[in-house]
Amino acid sequence: MNRLRADLLLLLVACIWGAAFIAQKQANENMGPVSFVGLRFLLSWMMLAPVAFYEHVKNGRRPLRGADVALAGLIGLCLFAGASLQQMGLVATTATNGGFLTALYVILVPVIVWAVTGARPRGMVLFASLLSIAGSWLITETGHFEQWSRGDALILIADVAWAGAISLAPIFLSRTDRPFFLAFTQYGVTAVLGLMIGLGSEPLSSEGVIAALPSIFFAGLCSGGFAYTLQILAQRYTPPAEAALILSLESVFAALSGAILLSERLTGSAFLGCALILLGVILAEAAATLRAIRFRVRRRTPG
């Protein structure tokens, strides 16, 4: 796989995640948010089990180190924290606030990468991230932030977890060629913690679960088992900051999904916001392409 294909996979992931936002909101009407997270990632875990087992057999002669397993577990904790806090936040905040706050992880990723690896974020990446945040602001229904709530705080904390998962995944993948093990571990950690905490603290009925089954299956199989796995595969080739920018298109696809599936009206400012996010992604990708071209030219130039 090359960089272009990886970026296209991330674009597909953003599209699926944007559509899943509607399923997540509908699930909260029928069951507890953490229980929903546990059930959806249980499906994701079951979906990845055969592929992860095949990968294990294929790489059986190269056992994982304890540090690698611990890092995969830490990334799993980030996924659980991000998914659970976001789902809980959607119960207690408006879609306007939630859509804007979720996009803030874009600016956190280069900061975390800098703190962990020492690699300074490039100026174009930071500029593109700011464009993405401005675009997300304009996509909101009213174009201004409504009254602060507990749900807003939860989604803001979730951004840190999302950024941590995106930033740490390439470190794991650079150490070991086991992307499916990472996905399998993430889903397992999230499913176990989600079910333990959800079943212990939230009311759950068979009627509610049955009503939420379409959301559980879409979020568990499409958004989780398929899209999250594609994200991990693609991050072997796309740097974290650029990956976060492409994934920020999730808010664009969420707005389009709402317009198509829920007959929500997109304002002129929302269309401008979508354009700004897309422009940020294009600028970051163009800068990466120019760097690659200059690098190849320097290698071919004698002396």
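The values are calculated or read from the model by the stated rules, or taken from the named source; none is laboratory data. Fair warning: this is a prediction, and the values are worked out from it, not measured in the lab. Neighbour counts are summed over all protein chains in view; Cβ atoms, including those assigned to glycine, are modelled from backbone coordinates with ideal geometry.
Among L249, L204, which is within 23 Å of I133 (Cβ to Cβ), in contact with a helix residue (DSSP H, G or I) (Cβ under 6 Å, 6 or more places away or on another chain) and not hydroxyl-bearing (S, T, Y)?
Within the list L249, L204, the selection yields L249.
Quick check on this structure: which one of A211, A163, A169 is closer than 21 Å to A19 by Cα and either surrounded by fewer than 19 Cβ atoms within 10 Å (Cβ to Cβ) or modelled with pLDDT of 90 or more (or both)?
Details: A163 fails: either surrounded by fewer than 19 Cβ atoms within 10 Å (Cβ to Cβ) or modelled with pLDDT of 90 or more (or both); A169 fails: closer than 21 Å to A19 by Cα.
Within the list A211, A163, A169, the selection yields A211.
Quick check on region 264-273. Is at least one of its residues under 28 Å from Q26 (Cα atoms), at pLDDT below 80 and surrounded by 17 or more Cβ atoms within 10 Å (Cβ to Cβ)?
Yes - at least one qualifying residue is present in region 264-273.
For the structure I just gave you, tell me whether A27 is over 17 Å from the mean Cα position of the chain (by Cα), surrounded by fewer than 21 Cβ atoms within 10 Å (Cβ to Cβ) and under 24 Å from V189 (Cβ atoms). Steps first, please.
Working: over 17 Å from the mean Cα position of the chain (by Cα): yes; surrounded by fewer than 21 Cβ atoms within 10 Å (Cβ to Cβ): no; under 24 Å from V189 (Cβ atoms): yes.
No.
Wholly within region 1-120, which helices (runs of 4 or more DSSP H) include no fewer than the required count, namely at least 3 residues that are in contact (Cβ under 8 Å) with a residue 12 or more places away in the chain and closer than 22 Å to A134 by Cβ? If you could, list the steps in order and put the result at the bottom.
Working: elements: 3-27, 33-58, 66-92, 95-102, 105-117.
Those helices (runs of 4 or more DSSP H) span 3-27, 95-102, 105-117.
Failed condition for N30, given (1) modelled with pLDDT under 85; (2) more than 17 Å from L233 (Cβ to Cβ); (3) not charged (D, E, K, R), with all others met?
(1)
For residues that are at pLDDT 85 or above and in contact with a Phe, Trp or Tyr (Cβ under 8 Å, 6 or more places away or on another chain), scanning just region 55-72, find the one that is surrounded by the fewest Cβ atoms within 10 Å (Cβ to Cβ). First the steps, then the outcome.
From region 55-72, those at pLDDT 85 or above are 55, 65-72; that's our starting set.
Narrowing the set further to residues that are in contact with a Phe, Trp or Tyr (Cβ under 8 Å, 6 or more places away or on another chain) leaves 55, 68, 71-72.
Values: E55: 19, D68: 17, L71: 20, A72: 24.
Among them, the one singled out is D68.
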